[in-house]
1. Determine if the range 163-174 includes at least one residue that is within 16 Å of ligand 3 (Cβ to nearest atom), buried (at least 17 other Cβ atoms within 10 Å of the Cβ) and of a type in the set (D, E).
2. So M101 clears everything in (1) touching an Asp or Glu at 6+ places or on another chain (Cβ under 7 Å); (2) at pLDDT below 95; (3) among the hydrophobic types (A, V, I, L, M, F, W, C) except one condition, right? Which one?
3. For A239, which of the numbered conditions (1) open to solvent by 30 Å² or more (accessible area, probe 1.4 Å); (2) more than 28 Å from A268 (Cβ to Cβ); (3) away from ligand 4 (no atom under 16 Å from the Cβ) fails to hold?
4. Can you find even one residue in the range 96-108 that is in contact with a His (Cβ under 9 Å, 6 or more places away or on another chain), open to solvent by 30 Å² or more (accessible area, probe 1.4 Å) and more than 16 Å from ligand 4 (Cβ to nearest atom)?
5. Can you pull out every residue in the range 45-91 that is touching a Cys at 6+ places or on another chain (Cβ under 8 Å) and either among the hydroxyl-bearing types (S, T, Y) or open to solvent by less than 30 Å² (accessible area, probe 1.4 Å) (or both)?
6. When you check V250 against the structure, is it aliphatic (A, V, I, L, M), under 17 Å from T145 (Cβ atoms) and assigned to a loop (DSSP other than H, G, I, E, B), yes or no?
7. Among the helices (runs of 4 or more DSSP H) confined wholly to the range 1-114, which include 2 or more residues that are among the hydroxyl-bearing types (S, T, Y)?
Amino acid sequence: FLPLAAILSALCMMAAAYWLRRKMSYRDEIRRGIARREFSVQYQPIYDIQAGRCGGVEALLRWQRADGRWERPDVFIAAAEAEHMIIPLTRHLFELVAADMAQWQAPRGFHVAVNVAAEHLQGPTFVADVRRLAAQIATQGPRITLELTERSLISDRKEVVRALQTLRAEGVDIALDDFGTGHCAMSYLQAFPLDFLKIDRGFVNAIESLDGDAPVLDAIIALSKRLALRTVAEGVETAIQFAYLKRQGVLHVQGYLYARPMSSDALARWLPTRGC
Ligand code: C2E
Ligand code: CA
Ligand code: CA
Ligand code: CA
(Lines give C-alpha, C1' and ligand atoms only; values in the text may rest on other atoms or scores of the structure.)
(Ligands and ions follow the chains in the order given, each with its own letter.)
Protein backbone atom coordinates (compact mmCIF):
# COMPACT_ATOMS: atom_id res chain seq x y z
CA PHE A 1 0.00 0.00 0.00
CA LEU A 2 2.71 2.45 1.00
CA PRO A 3 4.82 1.99 -2.13
CA LEU A 4 1.71 2.56 -4.23
CA ALA A 5 1.05 5.89 -2.48
CA ALA A 6 4.69 6.85 -2.97
CA ILE A 7 4.49 5.97 -6.65
CA LEU A 8 1.29 7.96 -7.01
CA SER A 9 2.70 11.02 -5.35
CA ALA A 10 5.86 10.76 -7.44
CA LEU A 11 3.71 10.58 -10.56
CA CYS A 12 1.80 13.66 -9.45
CA MET A 13 5.03 15.54 -8.95
CA MET A 14 6.28 14.52 -12.37
CA ALA A 15 3.05 15.69 -13.93
CA ALA A 16 3.32 18.99 -12.10
CA ALA A 17 6.92 19.43 -13.18
CA TYR A 18 5.93 18.65 -16.77
CA TRP A 19 3.09 21.13 -16.57
CA LEU A 20 5.42 23.75 -15.12
CA ARG A 21 7.91 23.15 -17.90
CA ARG A 22 5.15 23.61 -20.47
CA LYS A 23 4.30 26.82 -18.62
CA MET A 24 7.93 27.88 -18.75
CA SER A 25 6.85 29.65 -21.83
CA TYR A 26 7.89 28.67 -25.29
CA ARG A 27 9.33 32.17 -25.30
CA ASP A 28 12.10 31.19 -22.91
CA GLU A 29 12.64 27.87 -24.63
CA ILE A 30 13.07 29.51 -28.03
CA ARG A 31 15.39 32.12 -26.57
CA ARG A 32 17.46 29.37 -24.96
CA GLY A 33 17.38 27.36 -28.17
CA ILE A 34 18.83 30.30 -30.10
CA ALA A 35 21.56 30.81 -27.50
CA ARG A 36 22.44 27.10 -27.59
CA ARG A 37 22.46 27.08 -31.39
CA GLU A 38 19.76 24.43 -31.61
CA PHE A 39 18.27 25.94 -34.78
CA SER A 40 19.45 25.20 -38.29
CA VAL A 41 18.20 25.78 -41.82
CA GLN A 42 17.19 23.32 -44.51
CA TYR A 43 16.96 24.46 -48.12
CA GLN A 44 14.39 23.10 -50.52
CA PRO A 45 15.25 23.54 -54.22
CA ILE A 46 12.66 25.15 -56.51
CA TYR A 47 12.67 24.05 -60.14
CA ASP A 48 12.43 26.68 -62.87
CA ILE A 49 10.49 24.93 -65.65
CA GLN A 50 11.42 27.36 -68.44
CA ALA A 51 15.13 27.39 -67.62
CA GLY A 52 15.08 23.63 -67.02
CA ARG A 53 17.11 23.90 -63.84
CA CYS A 54 17.05 24.86 -60.19
CA GLY A 55 16.12 28.53 -59.87
CA GLY A 56 16.49 28.89 -56.13
CA VAL A 57 15.66 27.55 -52.72
CA GLU A 58 13.28 28.14 -49.82
CA ALA A 59 14.94 28.39 -46.42
CA LEU A 60 13.08 26.32 -43.82
CA LEU A 61 13.86 26.55 -40.13
CA ARG A 62 14.60 23.42 -38.10
CA TRP A 63 14.85 22.99 -34.32
CA GLN A 64 16.64 20.08 -32.71
CA ARG A 65 16.50 20.12 -28.91
CA ALA A 66 19.49 19.32 -26.73
CA ASP A 67 18.03 15.84 -26.10
CA GLY A 68 17.94 15.15 -29.84
CA ARG A 69 14.19 15.62 -30.37
CA TRP A 70 13.12 17.58 -33.45
CA GLU A 71 10.32 20.08 -32.94
CA ARG A 72 7.78 20.29 -35.75
CA PRO A 73 8.30 23.55 -37.69
CA ASP A 74 4.60 24.35 -38.03
CA VAL A 75 4.23 23.93 -34.25
CA PHE A 76 7.17 26.00 -33.06
CA ILE A 77 6.66 28.70 -35.70
CA ALA A 78 3.01 29.08 -34.65
CA ALA A 79 4.12 29.24 -31.00
CA ALA A 80 6.81 31.80 -31.83
CA GLU A 81 4.22 33.92 -33.60
CA ALA A 82 1.74 33.62 -30.74
CA GLU A 83 4.35 34.49 -28.09
CA HIS A 84 6.01 37.37 -29.91
CA MET A 85 9.25 35.51 -30.53
CA ILE A 86 8.98 35.42 -34.31
CA ILE A 87 11.08 38.56 -34.85
CA PRO A 88 14.16 37.38 -32.89
CA LEU A 89 13.73 33.93 -34.41
CA THR A 90 13.56 35.29 -37.96
CA ARG A 91 16.59 37.50 -37.32
CA HIS A 92 18.40 34.38 -36.17
CA LEU A 93 17.30 32.58 -39.34
CA PHE A 94 18.73 35.47 -41.41
CA GLU A 95 22.08 35.09 -39.62
CA LEU A 96 22.09 31.34 -40.25
CA VAL A 97 21.24 31.83 -43.93
CA ALA A 98 23.97 34.45 -44.35
CA ALA A 99 26.52 32.14 -42.70
CA ASP A 100 25.44 29.21 -44.92
CA MET A 101 25.57 31.25 -48.12
CA ALA A 102 29.09 32.44 -47.31
CA GLN A 103 30.21 28.80 -47.64
CA TRP A 104 29.54 28.40 -51.36
CA GLN A 105 29.03 30.25 -54.61
CA ALA A 106 25.42 30.41 -55.80
CA PRO A 107 24.70 30.53 -59.54
CA ARG A 108 23.72 33.90 -61.04
CA GLY A 109 20.11 34.90 -60.56
CA PHE A 110 19.64 32.30 -57.85
CA HIS A 111 16.78 33.03 -55.41
CA VAL A 112 16.82 32.42 -51.68
CA ALA A 113 13.30 32.63 -50.24
CA VAL A 114 12.66 33.30 -46.56
CA ASN A 115 9.33 33.23 -44.74
CA VAL A 116 8.37 36.40 -42.92
CA ALA A 117 5.57 36.85 -40.42
CA ALA A 118 3.09 39.72 -40.24
CA GLU A 119 4.38 40.97 -36.88
CA HIS A 120 7.87 41.33 -38.33
CA LEU A 121 6.62 43.04 -41.51
CA GLN A 122 4.79 45.58 -39.38
CA GLY A 123 7.66 46.10 -36.97
CA PRO A 124 10.09 49.03 -37.00
CA THR A 125 13.20 46.93 -37.77
CA PHE A 126 11.91 45.00 -40.77
CA VAL A 127 13.49 46.98 -43.60
CA ALA A 128 16.82 47.17 -41.78
CA ASP A 129 16.76 43.43 -41.00
CA VAL A 130 16.17 42.49 -44.65
CA ARG A 131 18.76 45.01 -45.86
CA ARG A 132 21.35 43.46 -43.55
CA LEU A 133 20.63 40.01 -44.98
CA ALA A 134 20.75 41.42 -48.52
CA ALA A 135 24.09 43.11 -47.86
CA GLN A 136 25.50 39.82 -46.58
CA ILE A 137 24.26 37.47 -49.28
CA ALA A 138 24.03 39.73 -52.35
CA THR A 139 27.82 39.54 -52.65
CA GLN A 140 27.45 35.73 -52.95
CA GLY A 141 25.00 36.23 -55.83
CA PRO A 142 21.55 35.18 -54.66
CA ARG A 143 18.47 37.41 -54.69
CA ILE A 144 16.17 37.44 -51.71
CA THR A 145 12.50 36.55 -51.98
CA LEU A 146 10.26 37.36 -49.02
CA GLU A 147 7.39 34.91 -48.59
CA LEU A 148 4.33 36.50 -47.01
CA THR A 149 1.65 34.26 -45.65
CA GLU A 150 -1.94 35.17 -45.10
CA ARG A 151 -1.93 32.96 -41.99
CA SER A 152 -1.33 35.95 -39.80
CA LEU A 153 -3.26 39.06 -40.55
CA ILE A 154 -1.52 42.19 -41.72
CA SER A 155 -3.40 45.08 -40.16
CA ASP A 156 -1.23 48.09 -40.95
CA ARG A 157 -1.27 47.79 -44.71
CA LYS A 158 -0.03 51.25 -45.64
CA GLU A 159 3.18 50.88 -43.66
CA VAL A 160 3.76 47.35 -44.93
CA VAL A 161 3.17 48.38 -48.55
CA ARG A 162 5.70 51.17 -48.11
CA ALA A 163 8.30 48.82 -46.58
CA LEU A 164 7.78 46.27 -49.35
CA GLN A 165 8.02 48.90 -52.07
CA THR A 166 11.27 50.15 -50.58
CA LEU A 167 12.80 46.68 -50.49
CA ARG A 168 11.47 45.79 -53.92
CA ALA A 169 13.14 48.88 -55.39
CA GLU A 170 16.38 47.50 -53.93
CA GLY A 171 16.00 44.17 -55.74
CA VAL A 172 14.10 42.04 -53.23
CA ASP A 173 11.25 39.91 -54.63
CA ILE A 174 7.93 39.41 -52.87
CA ALA A 175 5.90 36.18 -52.91
CA LEU A 176 2.43 35.52 -51.56
CA ASP A 177 2.68 32.12 -49.84
CA ASP A 178 0.08 29.37 -49.38
CA PHE A 179 -2.27 31.14 -51.75
CA GLY A 180 -5.89 30.18 -51.33
CA THR A 181 -5.71 28.86 -47.78
CA GLY A 182 -6.19 32.03 -45.75
CA HIS A 183 -8.93 34.53 -45.32
CA CYS A 184 -7.79 37.55 -47.24
CA ALA A 185 -5.86 36.23 -50.23
CA MET A 186 -7.84 38.25 -52.70
CA SER A 187 -7.46 41.53 -50.88
CA TYR A 188 -3.74 40.81 -50.39
CA LEU A 189 -3.44 40.48 -54.16
CA GLN A 190 -4.73 43.99 -54.53
CA ALA A 191 -2.95 45.57 -51.61
CA PHE A 192 0.65 44.42 -51.90
CA PRO A 193 3.36 44.71 -54.55
CA LEU A 194 4.02 41.08 -55.55
CA ASP A 195 6.30 39.12 -57.88
CA PHE A 196 5.39 35.50 -57.13
CA LEU A 197 2.28 33.64 -56.14
CA LYS A 198 2.80 30.31 -54.37
CA ILE A 199 -0.06 27.93 -54.96
CA ASP A 200 -0.76 25.87 -51.86
CA ARG A 201 -0.19 22.13 -51.86
CA GLY A 202 -3.91 21.50 -51.37
CA PHE A 203 -4.70 22.66 -54.90
CA VAL A 204 -1.85 20.60 -56.36
CA ASN A 205 -3.22 17.50 -54.61
CA ALA A 206 -6.55 18.10 -56.32
CA ILE A 207 -5.02 17.30 -59.73
CA GLU A 208 -5.14 13.60 -59.04
CA SER A 209 -7.99 13.42 -56.57
CA LEU A 210 -10.27 15.18 -59.08
CA ASP A 211 -9.24 12.90 -61.96
CA GLY A 212 -7.22 15.41 -63.89
CA ASP A 213 -9.78 18.16 -63.55
CA ALA A 214 -8.78 20.92 -61.14
CA PRO A 215 -10.97 23.95 -61.84
CA VAL A 216 -9.90 25.98 -58.79
CA LEU A 217 -6.23 25.41 -59.58
CA ASP A 218 -6.83 26.42 -63.20
CA ALA A 219 -8.57 29.59 -62.03
CA ILE A 220 -5.68 30.48 -59.71
CA ILE A 221 -3.19 30.02 -62.54
CA ALA A 222 -5.32 32.16 -64.87
CA LEU A 223 -5.62 34.81 -62.16
CA SER A 224 -1.88 35.01 -61.62
CA LYS A 225 -1.28 35.31 -65.36
CA ARG A 226 -3.80 38.14 -65.49
CA LEU A 227 -1.93 39.85 -62.65
CA ALA A 228 1.45 39.19 -64.31
CA LEU A 229 2.61 37.19 -61.27
CA ARG A 230 5.02 34.30 -61.61
CA THR A 231 3.56 31.10 -60.18
CA VAL A 232 5.24 28.57 -57.92
CA ALA A 233 3.34 25.33 -57.25
CA GLU A 234 4.05 23.80 -53.83
CA GLY A 235 4.00 20.21 -52.72
CA VAL A 236 4.47 18.65 -56.17
CA GLU A 237 4.95 14.96 -55.47
CA THR A 238 4.08 13.11 -58.68
CA ALA A 239 4.96 13.20 -62.37
CA ILE A 240 1.25 13.52 -63.18
CA GLN A 241 1.01 16.69 -61.10
CA PHE A 242 4.16 18.05 -62.69
CA ALA A 243 2.96 17.39 -66.24
CA TYR A 244 -0.38 19.05 -65.51
CA LEU A 245 1.22 22.14 -63.99
CA LYS A 246 3.68 22.47 -66.85
CA ARG A 247 0.86 22.19 -69.38
CA GLN A 248 -1.06 24.93 -67.56
CA GLY A 249 1.91 27.27 -67.76
CA VAL A 250 3.07 27.22 -64.13
CA LEU A 251 6.65 28.54 -64.08
CA HIS A 252 8.17 27.00 -60.94
CA VAL A 253 7.57 23.85 -58.94
CA GLN A 254 8.65 22.89 -55.44
CA GLY A 255 8.09 19.50 -53.88
CA TYR A 256 9.40 16.07 -53.07
CA LEU A 257 9.30 15.03 -56.74
CA TYR A 258 12.15 17.43 -57.50
CA ALA A 259 13.92 17.62 -54.15
CA ARG A 260 13.42 17.44 -50.41
CA PRO A 261 14.68 20.12 -48.04
CA MET A 262 18.41 19.57 -47.39
CA SER A 263 21.29 21.06 -45.44
CA SER A 264 23.44 23.82 -46.89
CA ASP A 265 26.32 21.37 -47.41
CA ALA A 266 24.08 18.88 -49.17
CA LEU A 267 22.70 21.66 -51.36
CA ALA A 268 26.18 22.79 -52.39
CA ARG A 269 26.90 19.18 -53.50
CA TRP A 270 23.48 18.69 -55.10
CA LEU A 271 23.32 21.82 -57.29
CA PRO A 272 26.21 20.93 -59.63
CA THR A 273 24.61 17.54 -60.28
CA ARG A 274 21.53 19.43 -61.54
CA GLY A 275 23.23 21.73 -64.01
CA CYS A 276 23.67 24.62 -61.59
P1 C2E B 1 5.55 26.49 -46.09
O2 C2E B 1 6.12 27.86 -46.14
O3 C2E B 1 4.32 26.22 -46.92
O4 C2E B 1 6.74 25.53 -46.47
C5 C2E B 1 6.60 24.39 -47.25
C6 C2E B 1 6.43 23.18 -46.39
O7 C2E B 1 6.02 22.08 -47.23
C8 C2E B 1 7.72 22.72 -45.72
O9 C2E B 1 7.37 22.10 -44.50
C10 C2E B 1 8.23 21.68 -46.69
O11 C2E B 1 9.12 20.77 -46.11
C12 C2E B 1 6.94 21.02 -47.10
N13 C2E B 1 7.02 20.36 -48.40
C14 C2E B 1 7.79 20.68 -49.44
N15 C2E B 1 7.58 19.88 -50.49
C16 C2E B 1 6.63 19.00 -50.09
C17 C2E B 1 5.96 17.91 -50.76
O18 C2E B 1 6.20 17.56 -51.93
N19 C2E B 1 5.02 17.22 -50.05
C20 C2E B 1 4.72 17.56 -48.76
N21 C2E B 1 3.80 16.83 -48.13
N22 C2E B 1 5.32 18.58 -48.11
C23 C2E B 1 6.26 19.30 -48.78
P24 C2E B 1 8.07 22.51 -43.13
O25 C2E B 1 9.51 22.74 -43.34
O26 C2E B 1 7.61 21.49 -42.15
O27 C2E B 1 7.45 23.90 -42.79
C28 C2E B 1 6.11 24.03 -42.41
C29 C2E B 1 5.74 25.49 -42.34
O30 C2E B 1 6.45 26.14 -41.27
C31 C2E B 1 6.14 26.27 -43.59
O32 C2E B 1 5.19 26.07 -44.58
C33 C2E B 1 6.17 27.68 -43.05
O34 C2E B 1 4.87 28.23 -43.02
C35 C2E B 1 6.67 27.49 -41.64
N36 C2E B 1 8.10 27.80 -41.60
C37 C2E B 1 9.17 27.01 -41.83
N38 C2E B 1 10.32 27.70 -41.68
C39 C2E B 1 9.96 28.97 -41.36
C40 C2E B 1 10.69 30.17 -41.07
O41 C2E B 1 11.91 30.25 -41.10
N42 C2E B 1 9.94 31.28 -40.76
C43 C2E B 1 8.57 31.28 -40.74
N44 C2E B 1 7.92 32.41 -40.44
N45 C2E B 1 7.87 30.18 -41.02
C46 C2E B 1 8.55 29.04 -41.33
CA1 CA C 1 6.90 29.38 -47.45
CA1 CA D 1 4.00 27.65 -48.61
CA1 CA E 1 1.68 25.44 -47.88
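The values are calculated or read from the model by the stated rules, or taken from the named source; none is laboratory data. Computed from a predicted structure; not experimentally measured. Every residue, glycine as well, gets a Cβ built from its backbone with ideal geometry; the counts of neighbours run over all protein chains shown. Ligands, DNA and RNA are stripped out before the accessible areas are found, and what is left, the full protein with its side chains, is counted by its heavy atoms. Shrake-Rupley method; radii C 1.70, N 1.55, O 1.52, S 1.80 Å.
1. As a first pass, look at the range 163-174 and keep what is within 16 Å of ligand 3 (Cβ to nearest atom): 173-174.
From what is left, the residues that are buried (at least 17 other Cβ atoms within 10 Å of the Cβ) are 173-174.
Subset that is of a type in the set (D, E): 173.
So far as the range 163-174 goes, yes, one or more of its residues are within 16 Å of ligand 3 (Cβ to nearest atom), buried (at least 17 other Cβ atoms within 10 Å of the Cβ) and of a type in the set (D, E).
2. Result: M101 fails condition (1) only.
3. Condition not satisfied by A239: (2).
4. At the first step, the residues of the range 96-108 found to be in contact with a His (Cβ under 9 Å, 6 or more places away or on another chain) are none.
No, there is no match, as no residue in the range 96-108 is in contact with a His (Cβ under 9 Å, 6 or more places away or on another chain), open to solvent by 30 Å² or more (accessible area, probe 1.4 Å) and more than 16 Å from ligand 4 (Cβ to nearest atom).
5. Initially, the range 45-91 is screened for residues touching a Cys at 6+ places or on another chain (Cβ under 8 Å), giving 45-48, 53-54.
Correct list: P45, I46, Y47, C54.
6. Numbers: aliphatic (A, V, I, L, M): yes; under 17 Å from T145 (Cβ atoms): yes; assigned to a loop (DSSP other than H, G, I, E, B): yes.
Against the criterion (aliphatic (A, V, I, L, M), under 17 Å from T145 (Cβ atoms) and assigned to a loop (DSSP other than H, G, I, E, B)), V250 qualifies.
7. Values: elements: 2-23, 26-35, 73-82, 86-101.
Because the criterion is at least 2 residues that are among the hydroxyl-bearing types (S, T, Y), the helices (runs of 4 or more DSSP H) in the range 1-114 that meet it are 2-23.
Table: residues versus (1) surrounded by fewer than 20 Cβ atoms within 10 Å (Cβ to Cβ); (2) away from ligand 4 (no atom under 16 Å from the Cβ).
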residue	(1), (2)
G180	yes, no
N205	yes, no
I220	no, no
Q248	yes, yes
H252	no, no
Y256	yes, no
R260	yes, no
C276	yes, yes
